[in-house]
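Since the structure comes first, as structure tokens, the remarks are kept for the end.
The values are calculated or read from the model by the stated rules, or taken from the named source; none is laboratory data. Only a predicted model underlies this, so the values are computations on that prediction, with no experimental measurement involved. Please note: Cβ atoms are built from the backbone with ideal geometry, for glycine as well, and neighbour counts cover all protein chains shown. Each accessible area value is taken on the protein alone, full model and side chains, heavy atoms only, with ligands, DNA and RNA left out. Shrake-Rupley method; radii C 1.70, N 1.55, O 1.52, S 1.80 Å.
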Amino acid sequence: VVRKVNSRSFSAGLEAELDVSEARGRAFTSAGAIEEAVAGGGSGPDGWVVKAEHGNAALGNRRIRGPSLDDADRRFIDNALAGDDRVVLEKWHERETDMTAVFHLTPAGELKDFRVHEAVYTSDGALIGVVFAGEIVSWKEKLAGHAESVAAALAREGYFGPVCFDAYTFREGGGTRLRPLADLNCRRAMSDGAHRLWRERFGDSTFYWRFFTVDKLVHHAAAELKASDMALRAGQRHGVLLTSPWRIEVDGRTEAIPKLGVAFIGETRAEVLAMEAGFRERWEK
């Protein structure tokens, strides 16, 4: 059950079931069939994205920008099909606002602890962070209705436990449209730990938590941050806080971790984004 409901083809099928007009994903079993679909056009100016059947946090996604597949696209698709029998192809949209809805589904099929927060992605759709600043009120009600439908579908499959699904808004036809179910993940949200920290310690502040690739930071970034004027000090609610270690012990040896979690805490969204820009200017290579 867990494998089925976490597949991209299940998510695409559920999206079509819940709102046919918004459905965009189609399952394919060969690179040749995808080549024909891409060459057939109809994608608009933004292109396509291919999703591996069991990708996670967009790590199994590849954006296709041109009107045809290149060699790297074909290798990605072939490798994805070697692990599963299908991939999903869907239109790419330049998004306005990314969001994640989170809830828990009980064994009795009851939806609990529903919340929505802003998500931050790269230009190719890879998750790099989240922003907690209260609920995204303007879309919460609509996403709550979709969450009830998702919960009912999952209960029919026999699933219960943590659930999160990604949604976004985009421009089309001169207005803003909501895509309520871009990806479904039946697991804990990657931001759960950061959300607890924000809720328990900084709940009246804006909290931007994001990943940095350690290899792209200067060697002494962690030590320099702690000694800098940007660092969060004890008792303060404004500053930059490392939320993961720079290095870890593995089998008696010290190893650097690939990703560093950093929290930027301030009064407003603009303020925490400015903190991130300052952090990158000082410590990103």
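What are the pairs with Cβ atoms under 9 angstrom where one residue, in the range 61-80, is open to solvent by 70 Å² or more (accessible area, probe 1.4 Å) and the other, located anywhere, is in a loop (DSSP other than H, G, I, E, B)? Sequence gap at least six, or different chains.
Here the result reads R62/D124; R65/D46; R65/G47; R65/W92; P67/G41; P67/S43; P67/G47, each pair linking the range 61-80 to a residue that is in a loop (DSSP other than H, G, I, E, B).
What pairs come up if the first residue lies in the range 242-264 and is open to solvent by 80 Å² or more (accessible area, probe 1.4 Å), the second is part of a strand (DSSP E or B) and modelled with pLDDT of 90 or more, and their beta carbons are under 6 Å apart, counting only those six or more places apart or on different chains?
Every condition considered, the pairs that remain are K259/F211.
Within the set of pairs 6 or more residues apart or between chains, which connect a residue that is at pLDDT 95 or above and open to solvent by 20 Å² or more (accessible area, probe 1.4 Å) inside the range 93-121 to a residue that is among the hydroxyl-bearing types (S, T, Y) and in a loop (DSSP other than H, G, I, E, B) with Cβ atoms less than 6 Å apart?
Correct list of pairs: empty, since none qualify.
Restricting to the range 231-285, what's the tally of residues that are within 14 Å of Y208 (Cα to Cα), among the β-branched types (V, I, T), within 21 Å of the chain's Cα centre (by Cα) and not in a strand (DSSP E or B)?
Within the range 231-285, residues that are within 14 Å of Y208 (Cα to Cα), among the β-branched types (V, I, T), within 21 Å of the chain's Cα centre (by Cα) and not in a strand (DSSP E or B) number 2.
I need the full set of residues from the range 141-163 which are farther than 11 Å from H104 by Cβ, surrounded by fewer than 17 Cβ atoms within 10 Å (Cβ to Cβ) and touching a strand residue (DSSP E or B) at 6+ places or on another chain (Cβ under 7 Å), in order please.
K142, A144, E148
Of the conditions (1) open to solvent by less than 40 Å² (accessible area, probe 1.4 Å); (2) of a type outside the set (F, W, Y); (3) modelled with pLDDT of 95 or more, G55 satisfies every one except a single condition; which number is it?
Going through the list (1) open to solvent by less than 40 Å² (accessible area, probe 1.4 Å); (2) of a type outside the set (F, W, Y); (3) modelled with pLDDT of 95 or more, G55 breaks only (3).
Go through the range 178-198 residue by residue and tally those that are among the basic types (K, R), in contact (Cβ under 8 Å) with a residue 12 or more places away in the chain and open to solvent by 60 Å² or more (accessible area, probe 1.4 Å).
Of the residues in the range 178-198, 1 are among the basic types (K, R), in contact (Cβ under 8 Å) with a residue 12 or more places away in the chain and open to solvent by 60 Å² or more (accessible area, probe 1.4 Å).
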